1. If you take the residues in segment 88-116 that are of a type in the set (Val, Ile, Thr) and crowded, with 17+ Cβ neighbours inside 10 Å, which one is nearest to Ala66 (Cα to Cα)?
2. For segment 212-229, indicate whether the set of residues that are in contact with a helix residue (DSSP H, G or I) (Cβ under 8 Å, 6 or more places away or on another chain), outside any helix (DSSP H, G or I) and either modelled with pLDDT under 85 or surrounded by 17 or more Cβ atoms within 10 Å (Cβ to Cβ) (or both) is non-empty.
3. Looking at segment 254-264, can you tell me whether even one residue there is surrounded by fewer than 21 Cβ atoms within 10 Å (Cβ to Cβ) and modelled with pLDDT of 80 or more?
4. What number goes with the only condition from (1) without any contact (Cβ under 8 Å) to a residue 40 or more places away in the chain; (2) within 18 Å of Met251 (Cβ to Cβ); (3) open to solvent by 60 Å² or more (accessible area, probe 1.4 Å) that Lys374 does not pass?
5. Going residue by residue through segment 414-425, is there one that turns out to be out of contact with any Asp or Glu (no Cβ under 8 Å at 6 or more places or on another chain) and at pLDDT below 90?
6. Only one of (1) outside any helix (DSSP H, G or I); (2) within 13 Å of the chain's Cα centre (by Cα) fails for Gly120. Which number is that?
7. If we keep just the residues of segment 122-154 that are touching a strand residue (DSSP E or B) at 6+ places or on another chain (Cβ under 7 Å) and open to solvent by 10 Å² or more (accessible area, probe 1.4 Å), which is nearest to Gly39 (Cα to Cα)?
8. Filter segment 316-327 for residues that are assigned to a loop (DSSP other than H, G, I, E, B) and open to solvent by less than 50 Å² (accessible area, probe 1.4 Å) and give the result.
Amino acid sequence: MQKPCSKSKAIIIINKVTNPKPTDTIAAIATASGAGGIGVVRISGALSREIAVNILGDCPLSRHAAYLDFKQADGDLIDRGIAIYYPNPHSYTGEDVLELQAHGGTALMQILLARCIELGARQAEPGEFTRRAYLNDKIDLAQAEAVADVINAATAEAAKSAVRSLSGEFSQRINTLLLKLIDLRMFVEACLDFPEEEIDFISQGRVAEKLDAIVAELLSVFAKAKQGSLLREGINVVLVGQPNVGKSSLMNQLAGEEIAIVTSIAGTTRDTIKNAIQINGVPLHIIDTAGLRETEDEVEKFGIARTWATLETANIALLLVDAAHGITETEKSILARLPQEIRKIWVHNKIDVAKQAAYVAEIDHTTHIYISAKTGAGLDLLKSHLLKLAGYQNYAEGVFMARARHLDALSKVQVHLQQAATQISAAELMAEELRLAQEALSSITGEFTPDDLLGEIFSKFCIGK
């Protein structure tokens with residue numbers, strides 16, 4: 001019995017998009033701007049050793065810290081500090097790299113950087129060191145993006161997830177999926193070589209079973225990537241309602257400090273007030289807004305206009321009402337004007353006045369939470385429902401720091417695999433859907449990534465990283 005051959009394999013192997021590798025030498029201050037105890041100037045490229053000799057008098061031993069004088073061309077002392085030389089390919093960028101650690105004065109760092117540029121280096125662009133690491137196969141694109149995510153992580157949970165991605169856990173899961181997808185695609189395309197054989201290679205090869213297993217693994221990765229994206233991006237929560245319903249009091253309770261001015265005078269808040277908090281490691285960007293009402297006050301009108309503008313970018317709206325009055329026609333008119341895609345929670349405040357207990361009710365598929373922003377009663381209920389509405393799941397381990405482009409790619413893979421399942425009796429159509437799924441999945445780690453996308457990704461990095 002003949003079996004499907006693998007002669008189609010050559011056209012299926014992934015071809016990584018190759019960008020021209022740079023040959024010039026770059027330099028930048030790698031530490032944060034401003035004065036500090038220590039500052040670092042990083043150099044990468046073929047001139048690194050020569051720059052070391054000119055500034056230090058000699059090049060330090062590979063990967064050994066040396067305490068040396070940093071000198072100008074005329075021999076004047078710039079500073080005295082630590083120098084470390086990393087020869088290629090055993091460096092962050094895969095090129096020769098020199099790091100000069102000096103005292104972190106702003107002027108001193110600029111002098112040292114200018115000396116490196118004088119010796120033939122050029123000022124690095126944002127993210128250029130990490131881009132070179134990617135181009136030299138030191139890291140893949142998902143790991144490169146995780147570098148910026150580690151730096152910018154706003155919570156401990158976000159930092160942990162970013163480190164997992166940086167260490168390659170996310171990439172490993174993607175590559176495992178990719179190998180299984182390639183294997184399945186190779187088999188299906190090989191079947192096309194035997195159109196007249198009286199053998200059902202699709203059923204014999206358990207194609208449907210293998211496809212189901214790939215989909216199940218994809219959904220697992222997708223779920224954890226969504227949580228990572230939530231940890232990275234957070235959610236925008238807007239407090240909206242009539243004046244004097246307790247929006248500012250709730251803002252202060254959520255923030256744990258007096259962020260907004262609270263008075264009994266309606267219309268006290270005349271502009272949006274923003275504050276970042278975290279719940280279970282998820283960043284929440286809380287925005288207190290001006291009370292919505294008809295007014296002749298020009299300043300208050302500006303505040304109300306900003307409230308409506310803010311709602312256009314919100315993920316969740318907390319619709320505050322006075323528990324004593326409930327939802328009136330005014331609140332209903334506010335609700336009618338809200339963008340339909342915003343998720344909503346009705347928050348009935350001031351239960352302390354009526355001496356009610358905090359509780360949650362589901363009415364017409366909408367959540368109603370009864371709280372006291374003054375005493376804090378019901379705040380835990382509100383926080384847990386905020387996380388639930390945001391889609392948070394408490395995974396103990398394995399959450400990856402993911403970006404919107406990763407989720408978009410995984411979503412495309414899911415669609416193509418679903419289409420492949422419907423075309424399982426038509427090998428040619430199924431093979432095409434598997435090819436498209438492979439291409440979308442490969443874009444996450446950078447196997448199929450156009451140069452303009454790389455430019456957009458790395459332009460958002462800080463200079464020196």
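The values are calculated or read from the model by the stated rules, or taken from the named source; none is laboratory data. Just so you know, these numbers come straight off a predicted model, no measurement behind them. Positions of Cβ are backbone-derived with ideal geometry, glycine not excepted, and every protein chain shown enters the neighbour counts. These area figures cover heavy atoms from the full protein model, side chains too; ligands, DNA and RNA do not enter into them. Shrake-Rupley method; radii C 1.70, N 1.55, O 1.52, S 1.80 Å.
1. Out of the qualifying residues, it is Val97.
2. Checked segment 212-229: no residue is in contact with a helix residue (DSSP H, G or I) (Cβ under 8 Å, 6 or more places away or on another chain), outside any helix (DSSP H, G or I) and either modelled with pLDDT under 85 or surrounded by 17 or more Cβ atoms within 10 Å (Cβ to Cβ) (or both).
3. Taking segment 254-264 and keeping what is surrounded by fewer than 21 Cβ atoms within 10 Å (Cβ to Cβ), we get 255-264.
Narrowing the set further to residues that are modelled with pLDDT of 80 or more leaves none.
No, that holds for no residue.
4. (1) is the only condition that Lys374 fails.
5. yes
6. That leaves (2) as the condition not met.
7. Looking at the filtered set, the residue picked out is Gln123.
8. Within segment 316-327, Ala323, Gly326 qualify.
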